[in-house]
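Scroll down for the structure; my scribbles are underneath it.
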Amino acid sequence: MVYKIDYLDDVYEWSLTSDGPEYRHVTDYTPTLYAVYDGQGEDGLAALRARLTSSPRVNSLCIEQWRRGFRHDHEDVLTIEVADLDAVLPIAHQIRKLGRPGEYKCFNVDFSREFRYCLENDLDPTPAQTPSTLSIEVESVELANPPITELTIDDETVSGSPTAILHAVQHRIERADPDVLVLSSSELIPTLYETADAHEMDLQFGRLPGWQQLASKSTYESYGNVGHSPARYNIPGRAIVDKSNTFFFAQSGLDGCLDMVRRSGKPVQEVAWASIGNVLTAIQIREARERDVLVPWNSWRHEFFKPLTTLDDADRGGFTFSPEVGFHEDVHELDFSSLYPNIICEFNISSETIRCECHADREDVPGLGYSICDERGYLVDVLQPLIDARDAFKQEIRETDDSEWATTLQARSDAIKWILVSCFGYQGFSNAKFGRIECHEAINAYAREILLDAKEVFEANGWRLVHGIVDSLWVTAINDEEQTPLEELASAITDRVGIRLEYETAFEWVAFVPLRDSEQGALTKYFGKVAGTGSEDSEYKYRGIECRQRSTPAWIADVQRELIETLDQYRSPEAVCDRLDRRLAELRDGQVDPQKLAIDNRASKHVEEYQQYTRTVAALERADDVGLDPQPGQDVSYVVIDDSKRSRDRVALAHELPEGYDVEFYVEQLLRAAESVCSPLGWRRDEIAEYLAERTTLTLSAFHS
């Protein structure tokens, strides 16, 4: 089976065999797109065919029978084979401009290159054996200021002249002959090749000579967040994993990526750089292909008309129950297993089943009155195998004694988890190929109903809800009432709603944190101690607080976890503040390693576009000074040196190894983290400051006496 497809002068299919890697040179591949006609005349496709016949970029044309959607019958479609990949988009744009707007629609246009080849040739890109890997890492400053004089190959650091680096890289690649190159940044490829050219040296990363740039770097915005997509490169015969541009490899390693290769039909190199939605779409496209359904170039599923009252009811999101702020003992967490994907499968929610005309008189979705068709939806066929596979992996993990195999299964389970987590939100994404906003609304409606029903069952059986959000519930016993065992209730609720409610965790205690400017509970900020773990092996769970936030300096995060352990031991804010006082003294005495105070912030703009002189701006200016050229969506790591300044001297970049830091700035950061720990017990910033001031006064009095 192929594991990599290269488009060079022609196509090269690479396979891994017991005798080593092999390739097949394909000279006759022609990509395919499709067009349908929605105009008034009867000869629209014939006219289009006649028009494209003379195009030098079109190889062949024919009329075939395909379906334009899951609820459409087969119809005449113009199948267009073009000369090469570069011709697909120009031909599609040419077709779309013909006739009146919307008369001609194109399908199967914007596929990634390797995925398109596998799809059109019915190839499974799952490697026949586990690919071998070689890792090459380089510091960003080295990469920004070539030639590179130091890098790490697997676990070995190599330093020296540019030619020595090139020789070392070439030697290791030739000796290891890896199937996958895992790079800290794929910019290593052009950088090292340019260095080789400058020194008139031969360098070959791939199994054939040369390299390609597949895509330029870009900035994008998604749900209000700015992201950065680095340039992508290709070398013949080897897949590239760019660690600066990979989700699935970062979350689930190579084992998780390979499982997604098998399920999506995208080769490993494309899975490595793909987003969750990209892989989910690939799985959906394969299901569509099985049903002779073409893939729209753009989503044309308009929102159904609905009354204003329905709009208001539909736009409510999932279930949320504001947590009871405070320190709660003997708390139990229960979660619905893969709630949203299971709702989709249990209630047959899909873009072609929601509000179907054949059951327009029914009101199936609670609170919204939408009907859902009885005919099985395509989305169910996409998600049910994923749900079943993840359940099987989790079961096998519990049963196996082989730790290595358990690690592999966990990686596969983690990869599937992200698809299942995202499948719900993707239904409401405007660019989703097969999404529909009504699916998103219906899933939320069912989820709210299920969680409210579960809440009533618990309260009727001696349990009080202290928090609930989306698919999770936290309950504690109601005083002076008899409690039905939770396992029994979970089983009863599972039978009632058709989705498994799992007993997740017993907590010795849980602390729910209030909002900064309110006494109301923050929905996603809490911490607690898992029951059954003693002082030697205590296990804590943290959500939303500073130690879980990516921008929090490592030292601040460590101290916050230490304060939580102190709270666990003494159960008093005074004890927490006593420990905090000692850590503040270390900070003020300059005893903290500045490297552990580095802050990672993501730039949202180019440096010249900021209107306020923030710390991030100062860091971006310093990064520009050393040639790093950070782009919007990329992280910049810095230590605050003097927060009173309004120049680039306000901060120092982490790699500059600063020797000092702004004490008062980091004192504020630590007090903020301490407030998250103490606030569930009623101590806010003022109470903490007052206690620390009194403690300092007492200490000084004792010293003078």
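The values are calculated or read from the model by the stated rules, or taken from the named source; none is laboratory data. Since this is a predicted model, take the numbers as computed values, not measurements. For neighbour counting, all protein chains shown are included, and Cβ atoms are generated from backbone atoms with ideal geometry for every residue, glycine included.
Does residue 235 fit the bill of being without any contact (Cβ under 8 Å) to a residue 60 or more places away in the chain, of a type in the set (A, V, I, L, M) and under 30 Å from residue 17 (Cβ atoms)?
Yes; evaluated as a whole, the condition is true for this residue.
Can you list the helices (runs of 4 or more DSSP H) found entirely within the stretch 78-191 that contain at least 1 residues being at pLDDT 95 or above and farther than 24 Å from residue 254 by Cβ?
Values: elements: 88-96, 113-120, 140-144, 162-176.
Qualifying helices (runs of 4 or more DSSP H): 88-96, 113-120, 162-176.
Within the stretch 422-448, which residues are surrounded by fewer than 19 Cβ atoms within 10 Å (Cβ to Cβ) and free of Cβ contacts under 8 Å to residues at least 40 places away in the same chain?
Step one: list which residues in the stretch 422-448 are surrounded by fewer than 19 Cβ atoms within 10 Å (Cβ to Cβ), which gives 422, 425, 428-431, 448.
Answer for the stretch 422-448, where residues must be surrounded by fewer than 19 Cβ atoms within 10 Å (Cβ to Cβ) and free of Cβ contacts under 8 Å to residues at least 40 places away in the same chain: 425, 428.
When you scan the stretch 529-544, do you find a residue that is within 23 Å of residue 636 (Cα to Cα) and surrounded by 15 or more Cβ atoms within 10 Å (Cβ to Cβ), even just one? Spell out how you get there, then give the answer.
Of the residues in the stretch 529-544, the ones within 23 Å of residue 636 (Cα to Cα) are 544.
Cutting the leftovers down to surrounded by 15 or more Cβ atoms within 10 Å (Cβ to Cβ) gives us 544.
Yes, the stretch 529-544 contains at least one residue that is within 23 Å of residue 636 (Cα to Cα) and surrounded by 15 or more Cβ atoms within 10 Å (Cβ to Cβ).
Modelled with pLDDT under 95, surrounded by 15 or more Cβ atoms within 10 Å (Cβ to Cβ), among the small types (Gly, Ala, Ser) and within 28 Å of residue 278 (Cα to Cα): does that describe residue 69? If you could, list the steps in order and put the result at the bottom.
Values: modelled with pLDDT under 95: yes; surrounded by 15 or more Cβ atoms within 10 Å (Cβ to Cβ): yes; among the small types (Gly, Ala, Ser): yes; within 28 Å of residue 278 (Cα to Cα): yes.
Against the criterion (modelled with pLDDT under 95, surrounded by 15 or more Cβ atoms within 10 Å (Cβ to Cβ), among the small types (Gly, Ala, Ser) and within 28 Å of residue 278 (Cα to Cα)), residue 69 qualifies.
Please specify each residue of the stretch 352-398 satisfying the condition of being farther than 23 Å from residue 319 by Cβ and aromatic (Phe, Trp, Tyr).
378, 393, listed by residue number.
Mind listing whichever residues of the stretch 22-38 are in a strand (DSSP E or B) and out of contact with any Leu (no Cβ under 7 Å at 6 or more places or on another chain)? Please lay out each step first, then the result.
Step one: filter the stretch 22-38 for residues in a strand (DSSP E or B), giving 22-26, 32-37.
Correct list: 22, 23, 24, 25, 26, 32, 33, 36.
Within the stretch 106-123, is even one residue without any contact (Cβ under 8 Å) to a residue 40 or more places away in the chain and not hydrophobic (A, V, I, L, M, F, W, C)?
Yes, that holds for at least one residue.
State whether the residues of the stretch 40-47 include one that is touching a strand residue (DSSP E or B) at 6+ places or on another chain (Cβ under 8 Å) and assigned to a helix (DSSP H, G or I).
Looking through the stretch 40-47, at least one residue is touching a strand residue (DSSP E or B) at 6+ places or on another chain (Cβ under 8 Å) and assigned to a helix (DSSP H, G or I).
Go through the stretch 229-238 and give me each residue that's outside any loop (DSSP other than H, G, I, E, B) and at pLDDT 95 or above.
232, 233, 234, 235, 238
Report whether or not residue 134 is in the same structural domain as residue 249 (by TED's automatic domain parsing) and under 25 Å from residue 655 (Cα atoms). Steps first, answer last, please.
Details: in the same structural domain as residue 249 (by TED's automatic domain parsing): yes; under 25 Å from residue 655 (Cα atoms): no.
It is false that residue 134 is in the same structural domain as residue 249 (by TED's automatic domain parsing) and under 25 Å from residue 655 (Cα atoms).
Looking at (1) of a type in the set (S, T, N, Q); (2) modelled with pLDDT under 90; (3) in contact with a strand residue (DSSP E or B) (Cβ under 9 Å, 6 or more places away or on another chain), which is the one condition that is false for residue 371?
(2)
In the set 473, 451, 465, which member is assigned to a helix (DSSP H, G or I), touching a residue at least 40 places away in the same chain (Cβ under 8 Å) and among the aliphatic types (A, V, I, L, M)? So that I can check it myself, show each step before the final result.
Values: 473 fails: assigned to a helix (DSSP H, G or I); 465 fails: assigned to a helix (DSSP H, G or I).
On inspection, the qualifying residue turns out to be 451.
Give 271, 241, 261 a once-over and let me know the one that is buried (at least 19 other Cβ atoms within 10 Å of the Cβ), in contact with a helix residue (DSSP H, G or I) (Cβ under 7 Å, 6 or more places away or on another chain) and not in a helix (DSSP H, G or I). Walk me through how you get there before you give the answer.
Working: 271 fails: not in a helix (DSSP H, G or I); 261 fails: not in a helix (DSSP H, G or I).
That would be 241, the only listed residue that is buried (at least 19 other Cβ atoms within 10 Å of the Cβ), in contact with a helix residue (DSSP H, G or I) (Cβ under 7 Å, 6 or more places away or on another chain) and not in a helix (DSSP H, G or I).
Name every residue in the stretch 532-554 that is in contact (Cβ under 8 Å) with a residue 60 or more places away in the chain and more than 13 Å from residue 677 (Cα to Cα), in order of residue number. Give the derivation first.
We begin by selecting, within the stretch 532-554, every residue in contact (Cβ under 8 Å) with a residue 60 or more places away in the chain; these are 545-547, 552-553.
552, 553, listed by residue number.
Across the stretch 552-583, what is the total count of residues that are outside any helix (DSSP H, G or I) and either surrounded by 14 or more Cβ atoms within 10 Å (Cβ to Cβ) or assigned by TED's automatic domain parsing to the domain that holds residue 655 (or both)?
Going through the stretch 552-583, the residues outside any helix (DSSP H, G or I) turn out to be 552-553, 571-572.
When the remaining residues are screened for being either surrounded by 14 or more Cβ atoms within 10 Å (Cβ to Cβ) or assigned by TED's automatic domain parsing to the domain that holds residue 655 (or both), the result is 552-553, 572.
So the count comes out to 3.
Filter the stretch 584-625 down to the residues that are without any contact (Cβ under 8 Å) to a residue 12 or more places away in the chain, farther than 26 Å from residue 675 by Cβ and surrounded by fewer than 21 Cβ atoms within 10 Å (Cβ to Cβ) and list them by number. Spell out the reasoning first.
Initially, the stretch 584-625 is screened for residues without any contact (Cβ under 8 Å) to a residue 12 or more places away in the chain, giving 585-586, 589, 591, 608-612, 614, 617.
After this cut, where a residue has to be farther than 26 Å from residue 675 by Cβ as well, the list is 608-611, 617.
Answer for the stretch 584-625, where residues must be without any contact (Cβ under 8 Å) to a residue 12 or more places away in the chain, farther than 26 Å from residue 675 by Cβ and surrounded by fewer than 21 Cβ atoms within 10 Å (Cβ to Cβ): 608, 609, 610, 611.
Of the residues that make up the stretch 146-157, is at least one in contact with a Lys or Arg (Cβ under 7 Å, 6 or more places away or on another chain) and either outside the structural domain of residue 375 (by TED's automatic domain parsing) or crowded, with 19+ Cβ neighbours inside 10 Å (or both)? Working first, answer last.
Here is the first cut: in the stretch 146-157, the ones in contact with a Lys or Arg (Cβ under 7 Å, 6 or more places away or on another chain) are 153.
In the following step, the residues that additionally are either outside the structural domain of residue 375 (by TED's automatic domain parsing) or crowded, with 19+ Cβ neighbours inside 10 Å (or both) were identified as 153.
Yes, some residue in the stretch 146-157 is in contact with a Lys or Arg (Cβ under 7 Å, 6 or more places away or on another chain) and either outside the structural domain of residue 375 (by TED's automatic domain parsing) or crowded, with 19+ Cβ neighbours inside 10 Å (or both).
Residues that are buried (at least 17 other Cβ atoms within 10 Å of the Cβ) and in contact with a Pro (Cβ under 9 Å, 6 or more places away or on another chain): does the stretch 18-31 have at least one?
Looking for residues that are buried (at least 17 other Cβ atoms within 10 Å of the Cβ) and in contact with a Pro (Cβ under 9 Å, 6 or more places away or on another chain), one finds at least one in the stretch 18-31, hence yes.
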